[in-house]
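Remarks on the structure that follows.
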Amino acid sequence: MTTLKRKRLSLREKIDILDYRKNNGNVGIRALAEKFQVGKTQIADIVSKTEEIYKVWVENGNEERKLTKLRKFTGPTIQEKAKQLAEVHGLNDFKASNGWLEKFRKKHNISFKSICGEASAVDRIAVDDWKKKLPNIIDKYEKRDIFNADETGLFFRVLPNKTMAFKNETCSGGKVSKERLTVLLCCNIIGEFERPLIIDKAKRPRAFKKLDVNKFPVDGCWNKKAWMTTQIMTDWLIKKFDKQMIKSQRKVLLVVDNAAPHPHLKLQNVELVFFPPNMTSHCQPLDQGIIQQFKKLYRKQLLQKAVADLDAGESSAINVLDAVYWVASAQAQIKPETVKKCFLRCGFSHQVDEQLEQTIDTGEQSVIDGELLALITLIDSSVEVETYFELDKIISTHDTNLTGTDDPDEHDEPENEEEDEPAEAETSKYQITSLQDALSAVKSVSHFISSIEVKSNSIFTSAVTLANDITNEIVQRRCNYKKTKLTDFFKQK
């Protein structure tokens, strides 16, 4: 019997073997060896690494790359080995810092750094190749278990009359950077969102005074430049996302871009997959319209507030607390159909109705654009809608020149908020100190709306709903209080 020599197979050839096996009822090792004229031991080795090979194939653009072994190295492992080699060669001053590791990864093509705004040219052939590979990655996951996450910069209080001052700003520093936040969004194919993460430049803004941040509808963290950092992303992945999936007993897929702050981690219930470099503008669902829709819905609330101020003849400063609620509200208003459509455009067609793109109501976007145009015109009719909405399109969301540390300002003191929020927080203006006060205020609003002619019937309905919700909260608290008292009474007996 002829013994076949071990061949050095390319990544493409290994994929061909695995695809043949998958499409032919998982044929045996012997049959594969005869079909591809490769030794049985080598075939068995390839089959045992099926998942790893498919993952490398998806993340690597070079299909002819030779992979004799798929070695697993973590960042700390590389750093420790580098220190050992430095000692052997007498380089006692060498420090394997995070900055050195980042440079090493880039030099050897281990990790890629995405270019802000996708400024580099996109290879259409590479994009098509990625979309062909994608089904092999998502095949084992249900629709609700396939997620995409990405961060975006947000000028959270810039109005149309300030457009020219912020046009083409990358916000890497300076006074303009005080007007921005970084927001991390994460959603799955069926349009379900995780809690947004807001990165601010202040540890505790003045507007948060006397408020319990744990009850906010968003998660939050800070550094002096309001940037995404490796530490922030690592904490979110481990302490928030993976922890939640473990609790829910779900195994999920999370696809992210290769931005420098995005760590390559091995998580318990989350498989991390990275888009190839410089392709996210075509391959990432959030970049296909979800983030754009989020920003339009956010700015609609910002503009409505500005117009209401004009009508009242006075204005109050827009602060981070306003942004917190507007971010949460904007995300909540994004329709699942919009999200599904964006995933479909990017090739995430696993168990998704491919007719969806034609069935979605295309008039929704026109309605929102019309409302925004009307609001902008009331404030400054000389500003073009597109110019206003593309203000923060190229904002940097992370340090593109990491050196020495991934988190350059995390342990510095927060900036002084005096010039940003000179007045007391707006929440103290009405002196609402209890649920009963809040209920009385909402009832006053309902009575006033009933006495005037309004264009939207939903205003009164919303006020009544809010009053009912507050009443229910009061009742629930009272019931819990009595239940606690009764329990204590019987314990004493």
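Could you compute the FRET efficiency for S97 and Q436, with r as their C-beta to C-beta distance and R0 at 60 Å, rounded to 0.05? According to the calculation, E is roughly 0.60.
Computed over protein heavy atoms with a 1.4 angstrom probe, the accessible surface ordering of D322, D123, largest first, is D123, D322. Less than 5 angstrom separates the built amide H of A260 from those of S114, all sequence-distant by 5 or more or on a different chain. For segment 449-454, putting each phi into the Karplus relation 6.51 cos²θ - 1.76 cosθ + 1.60 with θ = phi - 60° gives couplings of 4, 5, 8, 10, 8, 10 Hz, in residue order, rounded to whole numbers and with x for Gly and Pro.
On full extension, the segment bounded by Q249 and E192 gains 18.8 nm, given 0.36 nm per residue less the C-alpha separation.
Near the amide H of I189, within less than 5 Å, lie the amide hydrogens of I146, all on another chain or at least 5 residues away, with H placed in the peptide plane. Note on S315 and I125: the model spin-label points, each 7 Å out from Cα along the C-beta direction, lie 5.3 nm apart. Peptides 199-205, 275-281, 233-239, 378-384 ordered by packing proxy, namely the average of other Cβ atoms within 10 Å per residue, highest first: 275-281, 199-205, 233-239, 378-384.
Using a probe of 1.4 Å, the accessible surface attributed to E314 totals some 120 Å² when neighbouring protein chains are kept in position.
Looking at segment 168-295, what % of the alpha carbon pairs are farther apart than 18 Å? Everything past 18 Å amounts to 61 percent. Backbone phi angles across segment 197-212, fed through the Karplus curve with coefficients 6.51, -1.76 and 1.60 (θ = phi - 60°), yield HN-Hα couplings of 10, 10, 9, 10, 8, 10, 5, 8, x, 4, 5, 8, 4, 6, 9, 8 Hz in residue order; Gly and Pro are listed as x. At full extension, V367 and N214 could sit 51.6 nm farther apart than now, given 0.36 nm per residue minus the alpha carbon distance.
Take F460: with every protein chain present and a 1.4 Å probe, its accessible area is about 80 Å².
Classify segment 231-273: rounded, prolate or oblate, from the alpha-carbon gyration tensor (a ≥ b ≥ c, eigenvalue square roots; a/c under 1.5 rounded; otherwise prolate if a/b is larger than b/c)? Oblate is the answer for segment 231-273, as a/c is 1.5 or above yet b/c matches or exceeds a/b. The simple spin-label model puts a point 7 Å past each Cα toward its Cβ; for I238 and H89 those points are separated by 3.0 nm.
The values are calculated or read from the model by the stated rules, or taken from the named source; none is laboratory data. The shown structure was predicted, so the numbers you read here are calculated from the model rather than taken from an experiment. Quick reminder, even Gly has a Cβ in these numbers, built from the backbone with ideal geometry, and neighbours come from all protein chains shown. We work out accessible area using only protein heavy atoms, side chains counted, and drop any ligands, DNA or RNA first. Shrake-Rupley method; radii C 1.70, N 1.55, O 1.52, S 1.80 Å.
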